[in-house]
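The values are calculated or read from the model by the stated rules, or taken from the named source; none is laboratory data. Everything numeric here is computed off the predicted structure, so don't read it as measured data. So basically every Cβ, Gly included, is an ideal-geometry build from the backbone, and we count neighbours across all protein chains shown. For accessibility, only protein heavy atoms count, side chains too; no ligands or nucleic acids. Shrake-Rupley method; radii C 1.70, N 1.55, O 1.52, S 1.80 Å.
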Amino acid sequence: MAITQAMCTSFKAQLLLGVHDFRPSAQAGADTFKLALYTSSASLDANTTTYSASNEATGVTAGGLALTNTGTGFTDFSDLTFTNVTTTARGALIYNTTPSANDNANAALTNAAVCVLDFGGDKTSTAGDFTIIFPTFDASNAIIRIA
């Protein structure tokens, strides 16, 4: 199994269909995005289409935590902390729990995958905080950007 950092192919197609609403989280109509942690046994890559609990890291909230979106055009999320957890994670999946539209087959989407994050190795927390620090919010570094 492997985790390969990538923008999910299904997400790219769904952007053109207006499926994901990345308005800042505080605005009405914004979709809800979450980040779930995974062990090194997970298989996540550009072909990932939806959230799955398979090989999700233990000791943290199942399904992950909600992200706070702080921008549009290029997207940044506030850093995210799983508090007081004992876990080991190799990567993460950002996914949309409330897609704004259907896919190109007009089928309802559930927990649509956005991108896979590879931590480059196992990261561990023992009865402490496990924090995801997102990159600088600019056109060259933002976690999601159209360039």
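Can you find a residue that is open to solvent by 20 Å² or more (accessible area, probe 1.4 Å), among the hydroxyl-bearing types (Ser, Thr, Tyr) and assigned to a loop (DSSP other than H, G, I, E, B) anywhere in region 27-38? Yes - at least one qualifying residue is present in region 27-38.
Conditions (1) open to solvent by 40 Å² or more (accessible area, probe 1.4 Å); (2) modelled with pLDDT under 90; (3) farther than 26 Å from Thr49 by Cβ, marked per residue:
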residue	(1), (2), (3)
Ala105	yes, yes, no
Val116	no, no, no
Gly120	yes, no, no
Thr124	yes, no, yes
Asp129	yes, no, yes
Thr136	yes, yes, yes
Ser140	yes, yes, yes
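Whether a residue is among the hydroxyl-bearing types (Ser, Thr, Tyr) and open to solvent by 60 Å² or more (accessible area, probe 1.4 Å) was assessed, and Thr75 does not pass this test.
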